[in-house]
Amino acid sequence: MKTADRITIEGIDKPVTRIALGTWAIGGWMWGGPDDDNAIRTIHRALDNGINFIDTAPVYGFGHSEEVIGRALEGGRRKDVVLATKLGLAWTDDHKVYRDSRPERVRQEVEASLRRLKTDVIDLEQVHWPDGKTPVEDTAHELEKLRQEGKIRAIGVSNFSVKDMDSFAAITSISTIQPPYNLFERVTTERDILPYAKAHKAIVMAYGPLCRGLLAGKMTGETRFPKDDLRSSDPKFQPPVFDRYLAAVEALTAIAARHDKSMLALAIRWVLDQGPTVALWGARKPEQIDGIDDAFGWELSAQDQNEIEAILRAHVPDPIEPDFMAPPQRG
């Protein structure tokens, strides 16, 4: 990969690829269950294709995603990888998720992630969601202690407001910010998060750059999702709205074809062209890694960008933000 295909995160001495492997689906929860053999092959395929950045979280399969990654990186592959995980979400015995970033919980989560990932240090530890009942300063203080102890190298936040980031950054530096960001989910990120990141020299790790597969270009009006699939409750995937999004994808595919690229490559390239960004490429099967290289080595022109904006205005004038994904506060 070219130098331009990598980016440096404050606190981590190894430049990371601007596409990271996202592992929510590998955990199985809300994605139809786990498939560990395929998951490990998927991780190995990503590494073999030059990806050196993996993003996970305890809540992805309630520890399962981290465990699978730990197994996949045995045998010496850990040293080649920058590992990012998260904390701040807890769950009940029946898997009801809620926010919890109390300092004691922060420390417990880091220790548990270290065990599951089979590593001595977490390269990037992120707060998954702000806990409205715990001052963000308290969470930041505990993370800074863990950084000074050498258990984590860098600290990031996810789904934070600018106000919360300001409070957090008064205690410890924010190296990364992880918001939802793609062609269809961009309003809040472009208004608040990207300007903040640029002003504070943080890297934006865009999750959902393919909008849960919608921007991969393979869905049709007949596509349906099982009950335990997140998309069954996403309003974008329900008729008649779904048809409008699919029409936008069809129109965008023509721009991709002009560059001899797939729709998927265009969606990722668009995210990479917006600033100091890393795109999280979610996959759970090895073949879903194929095509990563197509997102590198080119850029969208000003004409392309203008046409994209016109297509979005025409087909999706009132885009739906992913607010439905927010977990509840703890009781």
Give me the percent relative contact order of the chain, please, defined on Cα pairs under 8 angstrom at least 6 residues apart.
20 percent
Obtain the nm distance between the two label points defined at residue 112 and residue 293 by a simple spin-label model: each point lies 7 Å from its Cα along the Cα-to-C-beta direction.
4.0 nm
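Can you tally the net charge around residue 264? Count Lys and Arg as +1, Asp and Glu as -1, for every other residue whose Cβ sits under 9 Å from the Cβ of residue 264. Could the numbers behind the result be given before it?
Values: positive: 218, 261; negative: 294.
So the surrounding residues net to +1.
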Helix runs (DSSP H) in the chain reaching 30 Å along axis by Cα, Kyte-Doolittle at least 1.6:
none
For a label point 7 Å along the Cα-to-beta-carbon line of residue 49, residues of the range 273-302 with backbone N under 12 Å
281-296
Counting other C-beta atoms within 10 Å, and keeping those with at most 15, which DSSP coil trypsin sites (Lys or Arg not before Pro) do you find in the range 126-164?
133
Of the heavy-atom accessible surface of the chain (probe 1.4 angstrom), what whole percent is carbon and sulfur?
50 percent
Test of understanding: what is the full-extension gain from residue 121 to residue 302, defined as 0.36 nm times their sequence separation minus their Cα-Cα distance?
60.9 nm
Using 0.36 nm per residue of separation minus the Cα-Cα distance, give me the extension gain between residue 238 and residue 258 in nm, one decimal.
4.2 nm
Hey, can you find the accessible area per residue of the chain for me, probe 1.4 Å, expressed in square angstrom?
42 Å²
Phi angles of the range 215-230, converted by Karplus (6.51 cos²θ - 1.76 cosθ + 1.60, θ = phi - 60°) into ³J(HN,Hα) in whole Hz with x for Gly and Pro, give 8, 7, x, 10, 8, 10, x, 8, 5, 10, 10, x, 4, 8, 9, 3
What FRET efficiency, computed as 1/(1 + (r/R0)^6) with R0 = 41 Å and r the Cβ-Cβ distance, is obtained for residue 71 and residue 218, rounded to the nearest 0.05?
0.90
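The values are calculated or read from the model by the stated rules, or taken from the named source; none is laboratory data. This one's a predicted model, so the numbers in the text were calculated from it and none came from an experiment. Ideal geometry is used to build each Cβ from the backbone, glycine not excepted, and the neighbour counts take in all protein chains shown. Surface areas here come from the heavy atoms of the whole protein model, side chains and all, with no ligands, DNA or RNA. Shrake-Rupley method; radii C 1.70, N 1.55, O 1.52, S 1.80 Å.
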